[in-house]
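Taking it in order: structure first as structure tokens, then the write-up.
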Amino acid sequence: MKSQLEGESSGHDWWHIFRVRKLALMIAGSESADLFLVELAALLHDIDDWKLNLDNADGRKTENWLRSCHVDNHITDRICRIIDGVSFKGAGVSTATSDPECKVLQDADRLDAMGAIGIARTFAFGGSRGRYIFDPGISPEMHADFGKYKKSKGPTINHFYEKLLLLKDQMQTPAGRVLAEQRHEFMLLFLDQFYAEWNCKNI
Ligand code: ADP
Ligand code: NI
């Protein structure tokens with residue numbers, strides 16, 4: 001994974017994978033999830049991500065790699081299914097799951113999209129795609145389907161309303177919910193300060 005994600009500068013570098021793996025194993029402690037599946041899926045979860053494969057998105061890098069390592073077919077299928085359910089797909093698209101490993105990985109990945117680290121990643125992503133930080137003339141959009149979400153080109157502050165602030169209420173594990181609470185509060189604080197500075201006010 002380190003070599004796969006070498007030079008990645010939109011917040012999906014190896015250290016994102018490292019943090020998600022750690023969070024996932026921590027959250028899995030209080031769930032009846034298989035730790036081997038959780039850890040392997042955490043390590044592999046972003047190599048087929050649409051955001052990182054815009055030129056060549058056949059979505060089979062994970063599967064091909066596991067097969068090339070002669071991993072048991074049953075495990076390969078389980079890992080691919082877990083990863084398939086992880087990604088956020090738009091404000092109006094439900095990604096709720098009953099799969100315990102997917103619940104854990106979804107929460108871990110989403111926690112890394114929140115709080116101070118989430119803020120840093122979001123602006124890194126926006127910069128990598130040539131987005132404005134903020135444009136008061138462009139309002140956030142609540143994307144009703146994955147296609148619209150993928151095409152969005154709005155300023156980075158809009159992403160807080162289109163995704164980041166919605167994550168707290170979509171957590172699927174009790175441990176995830178506790179961690180999300182504090183990260184959510186920090187993002188609200190950041191936005192207050194951001195608008196105060198934008199409007200030349202003291203808060
Ligand atoms: P997911 O699979 O749920 O999209 P990832 O781990 O791939 O989760 O990371 C998504 C992160 O990439 C977002 O939380 C954000 O930091 C960044 N990102 C994705 N889309 C945008 C966007 N439109 N504007 C700003 N940042 C974005
Ligand atoms: Ni991720």
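Remark: segment 66-77, residue by residue, has Karplus-estimated 3J(HN,Hα) of 4, 5, 5, 8, 6, 6, 3, 3, 4, 5, 4, 5 Hz, where x stands for each Gly or Pro and the curve is 6.51 cos²θ - 1.76 cosθ + 1.60 at θ = phi - 60°. Net charge dipole, segment 14-198: roughly 340 debye, given to the nearest 20, about the Cα centre with Cβ charges of +1 for Lys and Arg and -1 for Asp and Glu.
Starting from 0.36 nm per residue, how many nanometres of slack lie between D77 and W15 once their C-alpha separation is accounted for? Mind dumping the intermediate values first?
Numbers: separation 62, 0.36 × 62 = 22.32 nm, distance 2.57 nm.
Here the answer is 19.7 nm.
Taking every DSSP helix (H) stretch of at least 4 residues in the chain, weighting each as -39,500 (n - 2.57) and dividing the sum by the residue count yields a mean residue ellipticity at 222 nm of -16500 deg cm²/dmol. Here segment 152-166 is scanned for amide nitrogen atoms under 12 Å from the site 7 Å beyond the Cα of F123 along Cα-to-Cβ, giving 156-157. Using every pair of separate Cα atoms, the Kirkwood estimate puts the hydrodynamic radius of segment 1-76 at 13.4 angstrom. Counted over segment 14-198 with a bin width of 5 Å, the fraction of Cα pairs per bin, in whole percents, is 1, 8, 15, 20, 21, 16, 10, 6, 2, 1, 0, 0.
Taking each residue as 0.36 nm, the span from Y132 to E185 lengthens on full extension beyond its C-alpha to C-alpha distance by 16.7 nm. Annotation for I203 and E6: the two label points, set 7 Å from Cα along the Cα-Cβ direction, are 4.2 nm apart.
Coordinate-derived values only; no laboratory data. Source: prediction; values computed, not measured. Positions of Cβ are generated from backbone atoms using ideal geometry, with glycine treated the same way; all protein chains shown enter the neighbour counts.
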